[in-house]
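A.B. asks: Here it is, the structure, as structure tokens.
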Amino acid sequence: MNRLLLQEGLDSLKLSLNEAQFKAFELYTDEITKWNRKVNLTAIIAIDEIVVKHYIDSLILTQKIGARECVLDVGSGAGMPSIPLKIVRPDISVLSVDAVSKKVMFQKHVARLLQLRDFEVKHCRVELLGVNYAQKFDVVTSRAFTNLGNFIRLATPFLKPGGRLLAMKGPGWEDELAVAESELNGFSFKINTFGPYQLPQKYGTRFLIELTN
């Protein structure tokens, strides 16, 4: 793993890691590379792209998550943003949900290797989580999961009063937001946007939509 590239992204976010956290990212990268040879976890396979497009992009959320908050990551795939967040912010608790069994198996494997505490992975569709998780989370996040309107519909039942939805988006987010606002008149959210922000090494522009109930 390219530590200098990771450090560049961390510097832009005013984050610092200790040696154990750097090693955790190195191990995570090794496991993604190893599993991807047999199991299609992610289309991004170049190491530098994994560092920037997965890790640094995920860690944008550290600026929006408070101390010891409870986070639900919907459609988390190979563990982004949930695993990078947990490495950098061990104080938060995370439930990572994905409907693809091989990706859930991978996340559980990495969680064991990294000895992540207060980190749970579930194999299911988010709408099937059930009443035990209703209004449990301070933050629900998604990254390249579904359109904004559908995310709001699926995630809202699990959000605490006063909680936030964090939707990570690329270009075209304005159109998604306009459609969601017209479709979801029954939902009362304050909408904030964060971005555009540029990923290191000109790897692209991203946006973050924050909705507070």
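The values are calculated or read from the model by the stated rules, or taken from the named source; none is laboratory data. Keep in mind it's a predicted model, so treat the numbers as computed, not measured. Please note: Cβ atoms are built from the backbone with ideal geometry, for glycine as well, and neighbour counts cover all protein chains shown.
A.B. asks: Mind telling me which of the residues P196, P161 ends up being exposed (fewer than 13 other Cβ atoms within 10 Å of the Cβ), over 16 Å from the mean Cα position of the chain (by Cα) and in a strand (DSSP E or B)? Spell out the reasoning first.
C.D. replies: Details: P196 fails: exposed (fewer than 13 other Cβ atoms within 10 Å of the Cβ).
Residue meeting the stated conditions: P161.
A.B. asks: Here's another thing I want to ask about it. Among the residues of region 128-152, what is the count of those that are closer than 15 Å to T212 by Cβ and assigned to a helix (DSSP H, G or I)?
C.D. replies: Looking only at that region, the number is 3.
A.B. asks: Here is a follow-up. Give just the number: which of (1) closer than 29 Å to V104 by Cβ; (2) touching a residue at least 24 places away in the same chain (Cβ under 8 Å) does N150 not satisfy?
C.D. replies: In the conditions (1) closer than 29 Å to V104 by Cβ; (2) touching a residue at least 24 places away in the same chain (Cβ under 8 Å), N150 misses (2) alone.
A.B. asks: Within region 104-118, can one find any residue that is part of a loop (DSSP other than H, G, I, E, B), at pLDDT 95 or above and farther than 25 Å from R3 by Cα? Show your work before the answer.
C.D. replies: Kept after step one, since they are part of a loop (DSSP other than H, G, I, E, B), are these residues of region 104-118: 115-118.
Still in the running and at pLDDT 95 or above: 115-118.
Narrowing further to those that are farther than 25 Å from R3 by Cα: 118.
For region 104-118, residues part of a loop (DSSP other than H, G, I, E, B), at pLDDT 95 or above and farther than 25 Å from R3 by Cα: present.
A.B. asks: Now for a separate question. Could you say which residue among M1, M80 is more than 24 Å from A155 (Cβ to Cβ), aliphatic (A, V, I, L, M) and outside any helix (DSSP H, G or I)? Break it down into steps so the answer makes sense when it comes.
C.D. replies: Numbers: M80 fails: more than 24 Å from A155 (Cβ to Cβ).
None of the other options fit; the residue is M1.
A.B. asks: Working only within region 117-153, note down all residues that are more than 16 Å from the chain's Cα centre (by Cα), among the hydrophobic types (A, V, I, L, M, F, W, C) and surrounded by 15 or more Cβ atoms within 10 Å (Cβ to Cβ).
C.D. replies: The answer is L129, and nothing else.
Here is a yes/no grid of residues against (1) over 17 Å from the mean Cα position of the chain (by Cα); (2) acidic (D, E):
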site	(1), (2)
E8	yes, yes
D11	yes, yes
E19	yes, yes
Y28	no, no
K38	yes, no
L41	no, no
I47	yes, no
K53	no, no
A67	no, no
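A.B. asks: Just give me the residues in region 27-41 being part of a loop (DSSP other than H, G, I, E, B) and surrounded by fewer than 18 Cβ atoms within 10 Å (Cβ to Cβ), in sequence order.
C.D. replies: Filtering region 27-41 for residues part of a loop (DSSP other than H, G, I, E, B) gives 37-41.
Within region 27-41, R37, K38, V39, N40 meet the criteria.
A.B. asks: Sort out which residues of region 102-112 are in contact (Cβ under 8 Å) with a residue 12 or more places away in the chain and either among the polar types (S, T, N, Q) or farther than 18 Å from V39 by Cα (or both), and write them in order of number.
C.D. replies: Within region 102-112, just Q107 meets the criteria.
A.B. asks: For region 83-103, give me each residue that is part of a helix (DSSP H, G or I) and either out of contact with any helix residue (DSSP H, G or I) (no Cβ under 9 Å at 6 or more places or on another chain) or of a type outside the set (K, R) (or both).
C.D. replies: Answer for region 83-103, where residues must be part of a helix (DSSP H, G or I) and either out of contact with any helix residue (DSSP H, G or I) (no Cβ under 9 Å at 6 or more places or on another chain) or of a type outside the set (K, R) (or both): I83, P84, L85, I87, V88, S101, K103.
A.B. asks: Which pairs do you get when a residue that is at positive phi, found in region 113-140, comes within reach of a residue that is outside any helix (DSSP H, G or I), reach meaning Cβ atoms under 6 angstrom, with the pair 6+ apart or on two chains?
C.D. replies: Going by the 6 Å Cβ cut-off, the qualifying pairs are D118/S93; Q135/K160.
A.B. asks: I would also like to ask the following. Does L129 satisfy the condition of being among the hydrophobic types (A, V, I, L, M, F, W, C) and at pLDDT below 95? Step through it out loud before you land on a result.
C.D. replies: Numbers: among the hydrophobic types (A, V, I, L, M, F, W, C): yes; at pLDDT below 95: yes.
Here the answer is yes, as L129 does meet what is asked.
A.B. asks: A further question follows. Condition first: farther than 22 Å from D30 by Cα and either touching a strand residue (DSSP E or B) at 6+ places or on another chain (Cβ under 7 Å) or not hydroxyl-bearing (S, T, Y) (or both). Can you find one or more residues in region 102-116 that meet it?
C.D. replies: No - not one qualifying residue is present in region 102-116.
A.B. asks: Pairs only if they're at least six apart or on different chains, beta carbon under 6 angstrom, first in region 154-177 and at negative phi and of a type in the set (D, E), second in a strand (DSSP E or B) and loosely packed, with under 14 Cβ neighbours inside 10 Å; list them, first residue then second.
C.D. replies: none
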